[in-house]
1. Could you list, in sequence order, the residues of the range 129-153 that are open to solvent by less than 20 Å² (accessible area, probe 1.4 Å), within 19 Å of Arg115 (Cα to Cα) and of a type in the set (A, V, I, L, M)?
2. Given the options Val18, Val7, Val58, name the one that is in contact with a Leu (Cβ under 7 Å, 6 or more places away or on another chain) and open to solvent by 20 Å² or more (accessible area, probe 1.4 Å).
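The values are calculated or read from the model by the stated rules, or taken from the named source; none is laboratory data. Source: prediction; values computed, not measured. Using ideal geometry, Cβ is built from the backbone for each residue, glycine included, and neighbour counts are taken over all protein chains shown. Accessible surface areas use protein heavy atoms only, side chains included; no ligands, DNA or RNA. Shrake-Rupley method; radii C 1.70, N 1.55, O 1.52, S 1.80 Å.
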Amino acid sequence: MKDPYAVLGVDRNADKDVIRAKYDELHALYSEQRFKSGEEGNEGARKLQELEEAWVLVSANLERADGASSFGGDYGQIDSLIRDGKYNEAQDILDSISERKGEWHYMQAIVFYKREWLTEAKTQLEMALQDDPNNAKYRSSLDKLKMSMAGGAQPQQQAPAMNNQGNYNGNAGGDNAPPQADNMANCLSSCCCAYCLTDCLCSAMRCC
């Protein structure tokens with residue numbers, strides 16, 4: 001893949017507002033171009049896809065630089081626990097966080113996905129997008145998950161009900177992820193995010 005910053009036409013050290021503005025400009029341009037006839041339309045569609053893939057990586061870098069990414073603070077610890085297969089511990093930390101915005105729902109989606117609770121993972125990604133509609137990482141992960149579910153994903157396990165504190169306390173299934181879960185988790189971190197999350201829901205759900 002091309003250098004994502006070159007695709008956006010910006011310097012790697014450019015201000016985040018400049019980078020975002022350039023992405024919005026190109027997104028509008030290619031979105032319009034893809035509906036034109038013939039090769040011009042095909043080229044617009046190709047460039048739009050290339051732009052989206054580049055933005056996933058660049059936006060992940062911007063989040064890390066801001067200290068607001070999934071790899072900072074409590075979310076950094078959650079990410080490490082998920083990578084180690086310690087889903088109960090990751091859930092405990094998620095339950096302890098009172099401010100539940102986009103990144104919280106994103107990380108909760110990964111824990112649910114790892115346990116093969118695909119419907120619940122999809123719901124959490126949709127909530128993440130409601131909080132941050134322009135987040136390419138969340139959107140890409142949701143699209144990948146929908147494709148996985150539509151394409152005959154494995155039978156889903158039943159997620160636990162939320163308790164009266166608003167927590168999931170997901171102990172069902174233990175800390176070990178089902179064997180099939182590793183495919184999706186391999187990209188919500190590097191693909192769709194130099195990590196599309198802790199693994200990369202990109203190859204299955206996770207930019208991933």
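1. Passing the criteria: Leu142, Leu145.
2. Val7
Let's see how each residue does on (1) in a helix (DSSP H, G or I); (2) of a type in the set (Ser, Thr, Tyr):
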{"residue": "Phe112", "(1), (2)": "yes, no"}
{"residue": "Glu116", "(1), (2)": "no, no"}
{"residue": "Thr119", "(1), (2)": "yes, yes"}
{"residue": "Lys122", "(1), (2)": "yes, no"}
{"residue": "Ala128", "(1), (2)": "yes, no"}
{"residue": "Tyr138", "(1), (2)": "yes, yes"}
{"residue": "Ser141", "(1), (2)": "yes, yes"}
